[in-house]
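Heads up: the structure comes next, in structure tokens.
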Amino acid sequence: MRKDATGKNVLFVLFGATGDLAVKKIFPALSLLHAEGVFGPKSKVLAVSRRDWGDMDFHNFLLEKKSAITGKFLDTVLYSKVDIENNHGFDDLKATIASIKKSQGISDVYIYLSLAPQNHPLAIRSLRDAKI
């Protein structure tokens, strides 16, 4: 996150949201940044994984994993299903991102790949092809 982004409304898109790195390190760090006011009040985190879940399913998953997150932070977390290996869900992801940006007045979108390194090229190509 850029230092000049403090207090700005941003969208943080996290691929691999159900993985150990995301659950144990990234979400707790984002929760701490949220608590410290680094994110603006309309900022959102879009968790991306291949599981067929909704927002509440993902929230429950984080709570069951005892991820060090706060309840207020959970209000900023949304979920989107994307299957990178089968190139499925990128059009829906693009529409979701556009909808969040419009409804929350967000201009900055950060995409983080918390994926196995061999999946990075495929994810990046798919993001490019979907014009995300």
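The table below lists the values:
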| item | result |
| --- | --- |
| Range in the chain, longest, excluding exposed trypsin sites (Lys or Arg not before Pro) [loop by DSSP; at most 11 other beta-carbon atoms within 10 Å] | 67-130 |
| Structure-based [θ]222 nm, the chain - -39500 (n - 2.57) summed over DSSP H runs of at least 4, per residue, nearest 500 | -10500 deg cm²/dmol |
| Estimated dipole of the chain in Debye, rounded to 20 [Cβ of Lys and Arg +1, of Asp and Glu -1, Cα centre] | 360 |
| Partner lysines for K66 [C-alpha distance under 16 Å; skip if fewer than 8 residues away on the same chain] | K24, K25 |
| Rel. contact order, % - alpha carbon contacts under 8 angstrom, at least six apart, the chain | 35 |
| Accessible solvent surface per residue of the chain, calculated while the other protein chains remain in place, 1.4 angstrom probe, Å² | 56 |
| Heavy-atom accessible surface of the chain: percent carbon and sulfur, 1.4 Å | 51 |
| Listed residue (H34, G19, V48) projecting farthest to the positive dipole end of the chain, Cβ model | H34 |
| Of (1) 21, 18, 14; (2) 33, 18, 12; (3) 32, 12, 9, the label for semi-axes √(5λ) of the Cα gyration tensor in Å derived from the coordinates | (1) |
| Cβ-based net charge around K24, under 13 Å, with every Lys or Arg adding one and every Asp or Glu removing one | +2 |
| DSSP-loop GluC sites (Glu not before Pro) across the range 23-110, with at most 13 other Cβ within 10 angstrom | E36, E85 |
| Positive-pole candidate from S80, Q118, S107, dipole of the range 80-132, charges at beta carbon | S107 |
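The values are calculated or read from the model by the stated rules, or taken from the named source; none is laboratory data. Here the structure is a predicted model, which is why all the values come from computation and not from measurement. We place every Cβ from the backbone using ideal geometry, glycine too, and count neighbours over all the protein chains shown. Please note that ligands, DNA and RNA were not included when accessible areas were found on the heavy atoms of the full protein model with its side chains. Shrake-Rupley method; radii C 1.70, N 1.55, O 1.52, S 1.80 Å.
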